[in-house]
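A.B. asks: Below is a structure I'd like to ask you about.
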Amino acid sequence: MDASVLIEQNNQKRKLLNEENKKVYEEMLLYVRLFFNKSEQESEEILMELLDHLLDAQGEGKSAKEVFGDDPRQYANEIIGELPKMITPKRVKVGLMAIFYFLAVTTFLNGVVHSILYFGFGKGDQEKIYYIGTLALEAITSIIIVFVAMYAIFAYLKWSCFKDINKVLESVLFGFCFGALPFGLFLTMFIIMPDFGMSVQIPVYWLIGISIVFYVLATYFKKTS
């Protein structure tokens, strides 16, 4: 059964869990899914098996603690250790998919904002000059920042699973570390980055068309991964 079908079935079956069991299972589900280096198909199959097992136990009056033990993290780690890794070609395609989605979103927003400013309010220029060297370095640096931020987010989420954490404090720290800090790095980069390399002058609305190309490429890698 395809992973997407398993995910949908899992979403429906989880509604049958009581609140206590659902809380524990969803922590385990999140924890397992955060290991992106593992096979998605195998991960979803084992998560479905765990859910069916827990539902059967719940029907017998048992709790998630009785099923998974006092240390659900250790239980999950043992399962993850048995899961096969995602094959290298698929990893490459997933990485390319993420990169092109990022480029599609940033290019689209850039094109829309500049187009609205110029055609709607008469601000800015109809055409922008881009320096190939600067553009390439900004793109590479931006992708690195995003990947580092995403890695940090996933590492934090793995750490926070199965723990009782103050949600207000968590929201503040999460917003600063994974929101304000990366934004500040992006802003600093665009301010201090010098112009170098061959220059290209294009209409701002062309950026929207370029973003569509990036989106098509991202979709292709998603479908073939």
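The values are calculated or read from the model by the stated rules, or taken from the named source; none is laboratory data. Bear in mind the structure is a predicted one, so any value in this text is a computation, not a measurement. Don't worry about glycine lacking a Cβ; one is built from the backbone with ideal geometry, like all the others, and counts go over all protein chains shown.
A.B. asks: So Phe221 fits all but one of (1) among the aromatic types (Phe, Trp, Tyr); (2) touching a strand residue (DSSP E or B) at 6+ places or on another chain (Cβ under 7 Å); (3) under 30 Å from Lys90 (Cα atoms); what number is the exception?
C.D. replies: So Phe221 meets the others, but not (2).
A.B. asks: Consider only pairs whose beta carbons are under 6 Å apart and that are at least six residues apart or on different chains; among these, list those whose first residue lies in region 80-109 and is small (Gly, Ala, Ser) and whose second residue is in a helix (DSSP H, G or I).
C.D. replies: Correct list of pairs: Ala104/Ser211; Ala104/Phe214; Ala104/Tyr215; Ala104/Ala218.
A.B. asks: Every residue in region 42-93 that is among the small types (Gly, Ala, Ser) and either assigned to a helix (DSSP H, G or I) or loosely packed, with under 12 Cβ neighbours inside 10 Å (or both), please.
C.D. replies: Here is the first cut: in region 42-93, the ones among the small types (Gly, Ala, Ser) are 43, 57, 59, 61, 63-64, 69, 76, 81.
Hits for region 42-93 are Ser43, Ala57, Gly59, Gly61, Ala64, Gly69, Ala76, Gly81.
A.B. asks: Quick check on Leu187: is it under 30 Å from Ile132 (Cα atoms) and either assigned to a helix (DSSP H, G or I) or not assigned by TED's automatic domain parsing to the domain that holds Gly111 (or both)?
C.D. replies: yes
A.B. asks: Further question: Quick one: Lys15 ticks every box in (1) touching a residue at least 12 places away in the same chain (Cβ under 8 Å); (2) part of a helix (DSSP H, G or I) except a single one, so which number is it?
C.D. replies: Condition not satisfied by Lys15: (1).
A.B. asks: Which one of the conditions (1) in contact (Cβ under 8 Å) with a residue 12 or more places away in the chain; (2) out of contact with any Lys or Arg (no Cβ under 8 Å at 6 or more places or on another chain); (3) of a type in the set (Val, Ile, Thr) does Val24 fail to meet, given that it meets all the rest?
C.D. replies: So the condition that Val24 fails would be (2).
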